[in-house]
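Enquirer: Take a look at the following structure, please.
The values are calculated or read from the model by the stated rules, or taken from the named source; none is laboratory data. On a predicted model such as this, the values are computed, not experimentally measured, just so you know. When we count neighbours, we look across all protein chains shown, and the Cβ atoms used for this are built from the backbone with ideal geometry, even at glycine. Surface accessibility is based on the protein's heavy atoms, side chains included, excluding ligands, DNA and RNA. Shrake-Rupley method; radii C 1.70, N 1.55, O 1.52, S 1.80 Å.
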Amino acid sequence: MTQALEQRIYTPEEYLELELASETRSEYCNGEIIPMTGGTPDHNELAINLASLLKSTLRGKPYRIFATDQRLWIPARNLYTYPDVMVTEKPLQLQTGRTDTVINPCFIAEVLSKSTQDYDHGDKFSAYRTIESFGEYLMIDQYSIHIEHYVKTAAHQWLLSEYDDPSVTLTLRTFDAQIQIAALYENIEFDR
């Protein structure tokens, strides 16, 4: 984005119009348009691996799986964002008047980057927690085998589990799905 985009305040409608015409994706937060950085090959591989594992596991069940390019609207925070992986229950709920913006994720995963890990742990996770349907969050480290798994246990209560062992199978409670950590990290090489 140009410097002019960073300095002025935009309405959500202006952002959506610019986003449709743009070759790159940007987030929108309270009038500010924030360009999204490009991911590494490992970042992309982890997102694809997770989406593929979920697609296989949830086949025939009432869910939709999205990876990287699906926009999410979080009205409580006036935020448009693009989670790395997102699952919604059927029927898919879209922002009123839009055909391209989801509002009902039950599961979200972010692959952590050095430039975004603080945001993914902090403000972004805080914004996600304002979504009524949202109940499970994975933060996946791309630099070592490490996953933070948050599950909503009650209103304003989240349980954290951490995984560092590739031989472990993680259970996603939202849809009672099993994800092998080794399969999630397939093709990721840490010795570069």
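Enquirer: Looking at the range 120-136, I want the residues that are within 14 Å of PRO83 (Cα to Cα) and have a partner that is open to solvent by 10 Å² or more (accessible area, probe 1.4 Å) and in a helix (DSSP H, G or I) with Cβ atoms under 8 Å, at least 6 apart or on another chain. Which pairs are those?
Expert: The qualifying pairs are SER126/ARG77; ALA127/ALA76; ALA127/ARG77; ILE131/ALA76.
Enquirer: Can you say whether THR37 is part of a loop (DSSP other than H, G, I, E, B) and of a type in the set (S, T, N, Q), as far as the supplied structure shows?
Expert: For THR37, the condition - part of a loop (DSSP other than H, G, I, E, B) and of a type in the set (S, T, N, Q) - is met.
Enquirer: Please go through (1) within 30 Å of GLN178 (Cβ to Cβ); (2) part of a helix (DSSP H, G or I); (3) hydroxyl-bearing (Ser, Thr, Tyr) for THR88 and return the number of the only condition it doesn't satisfy.
Expert: That leaves (2) as the condition not met.
Enquirer: Go through the residues of the range 111-120 one by one and say whether even a single one is surrounded by fewer than 17 Cβ atoms within 10 Å (Cβ to Cβ), basic (Lys, Arg) and closer than 18 Å to GLY39 by Cβ.
Expert: Within the range 111-120, one or more residues are surrounded by fewer than 17 Cβ atoms within 10 Å (Cβ to Cβ), basic (Lys, Arg) and closer than 18 Å to GLY39 by Cβ.
Enquirer: Report the residue count in the range 102-119 for those that are in a strand (DSSP E or B) and either charged (D, E, K, R) or touching a residue at least 40 places away in the same chain (Cβ under 8 Å) (or both).
Expert: Residues flagged as in a strand (DSSP E or B) and either charged (D, E, K, R) or touching a residue at least 40 places away in the same chain (Cβ under 8 Å) (or both) within the range 102-119 amount to 5.
Enquirer: For the subset of the range 63-110 comprising residues that are open to solvent by 10 Å² or more (accessible area, probe 1.4 Å) and of a type in the set (A, V, I, L, M, F, W, C), which member is modelled with the lowest pLDDT?
Expert: ALA67
Enquirer: Of the residues GLU162, GLU189, GLU148, which is in a strand (DSSP E or B) and surrounded by fewer than 13 Cβ atoms within 10 Å (Cβ to Cβ)?
Expert: Result of the check over GLU162, GLU189, GLU148: GLU162.
Enquirer: Of all residues in the range 45-59 being part of a helix (DSSP H, G or I) and free of Cβ contacts under 8 Å to residues at least 12 places away in the same chain, which is farthest from ASP84 (Cα to Cα)?
Expert: SER56
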